[in-house]
Amino acid sequence: MTSSELASMLSRFAEIEGRHPRILVAAASSAEEKQLKAVATLFADGGFDVDIAPPQSTEVSIARQVVDCDADILALIRLQAESDDRVRVADLISSLDAQGAQYVQFGIVGHPDDPARDNVDFVFDIDHFATGDIGALMQFLLLVEESRMSPVATNPR
């Protein structure tokens, strides 16, 4: 995807929403927190407004922050799918639902074979995460936003 194509999609999103797309980046455990800045920077370079969840955030606090910052997307950095994750995918989905944030597109930045991949909207491989992924996510987000504008809007999840 070229930068002009990405810019065009960002402009289209701004026409629909009146602002740039907004993403909240969070970490599943303390081990992933060192990746927050790098992932957030890539999204910011791709044209997104980026918020970062504070260290030691829980599922409930992340879901609240998604609503408070009016995020369109939540990206959870999850490098190891282990039982000691502070933030669990299923519990985060439940917390988003409890906050009325079913509209938020939720995904993982980690590994493509993550066992939670079937429960989220997207998965990006942390080892190959690049600007092209941002373009693909922007295409997906535009499809979701445009479907909301249609007379028969449905939740993609």
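The values are calculated or read from the model by the stated rules, or taken from the named source; none is laboratory data. None of the values given here were measured: they were computed from a predicted structure. Here the Cβ is made from the backbone with ideal geometry for all residues, glycine too, and neighbour counts use every protein chain on show.
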Quiz item: Among (1) over 15 Å from the mean Cα position of the chain (by Cα); (2) on the phi < 0 side of the Ramachandran plot, which single condition is A75 missing?
Solution: (1)
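Out of A31, A26, A90, A98, I need the residue that is more than 13 Å from the chain's Cα centre (by Cα) and closer than 16 Å to F122 by Cα. Which one?
On the way: A31 fails: closer than 16 Å to F122 by Cα; A26 fails: more than 13 Å from the chain's Cα centre (by Cα); A98 fails: closer than 16 Å to F122 by Cα.
Going through A31, A26, A90, A98 in turn, the sole match is A90.
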Quiz item: What residue, among those in the range 49-71 that are crowded, with 19+ Cβ neighbours inside 10 Å and either modelled with pLDDT under 95 or in contact with a Phe, Trp or Tyr (Cβ under 8 Å, 6 or more places away or on another chain) (or both), is farthest from G100 (Cα to Cα)?
Solution: V50
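Please determine whether any residue of the range 98-118 is acidic (D, E) and touching a helix residue (DSSP H, G or I) at 6+ places or on another chain (Cβ under 8 Å). Walk me through it before giving the result.
Start the filter on the range 98-118 by keeping residues that are acidic (D, E), which leaves 113-114, 118.
Restricting the remaining residues to those that are touching a helix residue (DSSP H, G or I) at 6+ places or on another chain (Cβ under 8 Å) gives none.
So far as the range 98-118 goes, no, none of its residues is acidic (D, E) and touching a helix residue (DSSP H, G or I) at 6+ places or on another chain (Cβ under 8 Å).
Filter the range 121-138 down to the residues that are within 11 Å of the chain's Cα centre (by Cα) and at pLDDT 90 or above, then identify the one that is farthest from Y103 (Cα to Cα). Break it down stepwise before answering.
From the range 121-138, those within 11 Å of the chain's Cα centre (by Cα) are 121-124, 134, 137-138; that's our starting set.
From what's left, at pLDDT 90 or above: 121-124, 137-138.
Working: D121: 11, F122: 14, V123: 17, F124: 20, L137: 15, M138: 15 Å.
Filtering first and then ranking leaves F124.
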Exercise. Select from the range 85-125 the residues that are within 28 Å of R19 (Cα to Cα), out of contact with any Asp or Glu (no Cβ under 9 Å at 6 or more places or on another chain) and of a type in the set (A, V, I, L, M) and list them in ascending order.
Key: A98, A101
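Could you tell me whether L42 is under 21 Å from L141 (Cα atoms), buried (at least 22 other Cβ atoms within 10 Å of the Cβ), within 14 Å of the chain's Cα centre (by Cα) and aliphatic (A, V, I, L, M)? First the steps, then the outcome.
On the way: under 21 Å from L141 (Cα atoms): yes; buried (at least 22 other Cβ atoms within 10 Å of the Cβ): no; within 14 Å of the chain's Cα centre (by Cα): yes; aliphatic (A, V, I, L, M): yes.
No.
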Self-check item: Single residue of the range 101-117 satisfying the filter (surrounded by fewer than 16 Cβ atoms within 10 Å (Cβ to Cβ) and more than 23 Å from E146 (Cβ to Cβ)) that is nearest to the chain's Cα centre (by Cα)
Solution: P112
